[in-house]
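Participant: Quick one: this structure, given as structure tokens, is what I'll be asking you about.
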Amino acid sequence: MKNYTLHFLIMTIVTGLLGFAGGNFFGIEVVRVLFLIFADLLIVALISKIFFSDGKGIRLQRVKK
């Protein structure tokens, strides 16, 4: 999910411009719903990028039985 942040940003901008720029064409409601979906996915991707690290700083430690 973290790798798709830029893709979701681009798709959110494109669908936002198409859906809310004042155009009136067939299927405008679909474009507006896609904008909401991409905006939600962008927020999830940004939150996952901020809060969850790549795990490079984690050291594994053996547990003795």
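Participant: Quick check, is LEU41 of a type in the set (A, V, I, L, M) and open to solvent by 90 Å² or more (accessible area, probe 1.4 Å)?
Facilitator: Answer is no for this residue.
Participant: Which of the residues that make up the stretch 1-38 are outside any helix (DSSP H, G or I) and closer than 30 Å to PHE52 by Cα?
Facilitator: As a first pass, look at the stretch 1-38 and keep what is outside any helix (DSSP H, G or I): 1, 21-27.
Of everything in the stretch 1-38, just one residue is outside any helix (DSSP H, G or I) and closer than 30 Å to PHE52 by Cα, namely MET1.
Participant: Can you tell me which residue is least open to solvent (accessible area, probe 1.4 Å) among those in the stretch 25-38 that are of a type outside the set (Gly, Ala, Ser) and without any contact (Cβ under 8 Å) to a residue 12 or more places away in the chain?
Facilitator: To start, the set of residues in the stretch 25-38 that are of a type outside the set (Gly, Ala, Ser) comprises 25-26, 28-38.
Next, only the ones that are without any contact (Cβ under 8 Å) to a residue 12 or more places away in the chain stay: 25-26, 28-30, 33, 36-37.
Details: PHE25: 96, PHE26: 204, ILE28: 11, GLU29: 122, VAL30: 93, VAL33: 83, LEU36: 100, ILE37: 81 Å².
Selected residue: ILE28.
The values are calculated or read from the model by the stated rules, or taken from the named source; none is laboratory data. Small disclaimer: the values here were computed from a predicted structure and weren't measured. Note that each Cβ is placed from the backbone with ideal geometry, even for glycine, and that neighbours are counted across all protein chains shown. For the accessible areas, the whole protein counts, side chains as well, though only heavy atoms, and no ligand, DNA or RNA atoms are used. Shrake-Rupley method; radii C 1.70, N 1.55, O 1.52, S 1.80 Å.
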